[in-house]
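The values are calculated or read from the model by the stated rules, or taken from the named source; none is laboratory data. These numbers were taken from a predicted model, which means no experiment stands behind them. Please note: Cβ atoms are built from the backbone with ideal geometry, for glycine as well, and neighbour counts cover all protein chains shown.
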Amino acid sequence: MAVYQDKTVWITGASSGIGEALARAFAAEGARLVLSARRKDELERVREACTGHNPEGADHLVLPLDVTDHPRLAEAVATVTERCGTIDVLINNAGISQRSLCVDTEMDVYRHLMEVDVLGQIALTREVLPTMIRQSSGQIAITASVAGKIGVPYRTGYCAAKHAVMGFFDALRGEVVHDGITVHTIVPGYIRTAIAEHALKGDGSELGYTDSAIASGMDPDRCAAVILNGLSRGKPEIPVGEGFEMQALWIKRLFPRLVFKKTADMAKRK
Ligand SMILES: NC(=O)c1ccc[n+]([C@@H]2O[C@H](COP(=O)([O-])OP(=O)(O)OC[C@H]3O[C@@H](n4cnc5c(N)ncnc54)[C@H](OP(=O)(O)O)[C@@H]3O)[C@@H](O)[C@H]2O)c1
């Protein structure tokens, strides 16, 4: 039997990209999905695709949610536990990125990145924890990033946010392991999704197009397969990607100056 057969798997950011691909991968395993993001119509589209992957499978729940809407999160958890009984896996995957130099970036953009990429993830995890502690089981994942290990120009706020969630979930891992709960940090490199299109510019507007690094990134379905494999094997950290950025993870530990030089080249002014 597949590891996630009949398990309740709650994925945020399930309306697009990595979250959508993860939904399809878990559906094929026979999981019962809870699909969250802000766009209900996109979630409905993903639910239909997931049902197609496993027509015999469970009835997936579409639960629209803005992770920055903290008062609504407790209610969302109550809905999931009432409808599904348990929460076996929570994948904190919702996120937005940034494309602007620090000198051009308004403080509100930094605040918003922190609200979505850090506080939203903490707030939902905090609400789900009591249920998992009662169950004495559960898996909590966070989609962090290589940007959570390496600072990259044009992404000062995004890198700060991803470094922050790395720290939060590493600390949480040690706290909850005694309750039968495991924590998994997903560390993607460039993955071909809509992340750049929706990335914030310095004035808070969206970039509106995909940049070359993302366009030539890893296929999201391949990414989802690596993540699912890592989760099913209980890996605390799941690196996933295929470009130079994945080598940079270990190069930075041994030769940090080399990586600093390479990243500086990315920000060369005209
Ligand atoms: N693609 C990459 O190269 C890459 C690399 C490293 C890490 N990541 C991380 O992977 C995660 C998924 O991103 P992606 O690449 O799949 O990009 P994506 O295609 O743009 O997906 C982002 C998802 O987050 C949701 N979202 C955004 N703001 C939200 C909010 N306030 N509340 C709830 N949901 C929200 C979006 O749905 P709605 O718009 O419907 O709300 C969408 O489903 C992010 O955390 C990102 O930082 C991506």
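General remarks:
- Positions within segment 233-250 being in contact with a Phe, Trp or Tyr (Cβ under 9 Å, 6 or more places away or on another chain) and farther than 14 Å from residue 147 by Cα, in sequence order: 242
- Counting residues in segment 118-127 that are of a type in the set (S, T, N, Q), part of a helix (DSSP H, G or I) and within 11 Å of the ligand (Cβ to nearest atom) gives one or more.
- Matching residues, segment 80-103, being surrounded by fewer than 19 Cβ atoms within 10 Å (Cβ to Cβ) and over 16 Å from residue 159 (Cα atoms): 81, 82, 83, 85, 86
- Filter result for residue 146 (among the aliphatic types (A, V, I, L, M) and touching an Asp or Glu at 6+ places or on another chain (Cβ under 8 Å)): yes
- Test: residue in segment 139-158 that is assigned to a helix (DSSP H, G or I) and charged (D, E, K, R): no
- Those helices (runs of 4 or more DSSP H) of segment 1-114 in which 3 or more residues are more than 13 Å from the ligand (Cβ to nearest atom), in contact (Cβ under 8 Å) with a residue 40 or more places away in the chain and under 24 Å from residue 206 (Cβ atoms) occupy 107-114.
- The set of residues in segment 215-256 being assigned to a helix (DSSP H, G or I), more than 16 Å from the chain's Cα centre (by Cα) and touching a residue at least 24 places away in the same chain (Cβ under 8 Å) consists of 232, 245, 246, 248, 249, 252.
- When 45, 111 are checked against the criterion of being more than 19 Å from the chain's Cα centre (by Cα) and among the basic types (Lys, Arg), 45 stands alone in meeting it.
- Filter result for residue 261 (more than 18 Å from the chain's Cα centre (by Cα), surrounded by fewer than 15 Cβ atoms within 10 Å (Cβ to Cβ) and assigned to a loop (DSSP other than H, G, I, E, B)): no
- Identity of the residue in segment 200-214, part of a helix (DSSP H, G or I) and among the aliphatic types (A, V, I, L, M), that ends up modelled with the highest pLDDT: 214
- Screening the candidates 186, 181 for the property of being more than 16 Å from the ligand (Cβ to nearest atom), buried (at least 19 other Cβ atoms within 10 Å of the Cβ), β-branched (Val, Ile, Thr) and in contact (Cβ under 8 Å) with a residue 40 or more places away in the chain yields one hit, 181.
- Residues of segment 217-243 satisfying the condition of being over 13 Å from residue 17 (Cα atoms), at pLDDT 95 or above and within 14 Å of the ligand (Cβ to nearest atom): 226, 227, 237, 238, 239, 240, 241, 242
- Selection within segment 124-139 - free of Cβ contacts under 8 Å to residues at least 60 places away in the same chain and either surrounded by fewer than 20 Cβ atoms within 10 Å (Cβ to Cβ) or over 27 Å from residue 151 (Cβ atoms) (or both): 126, 127, 129, 130, 131, 132, 133, 134, 135, 136, 137, 138
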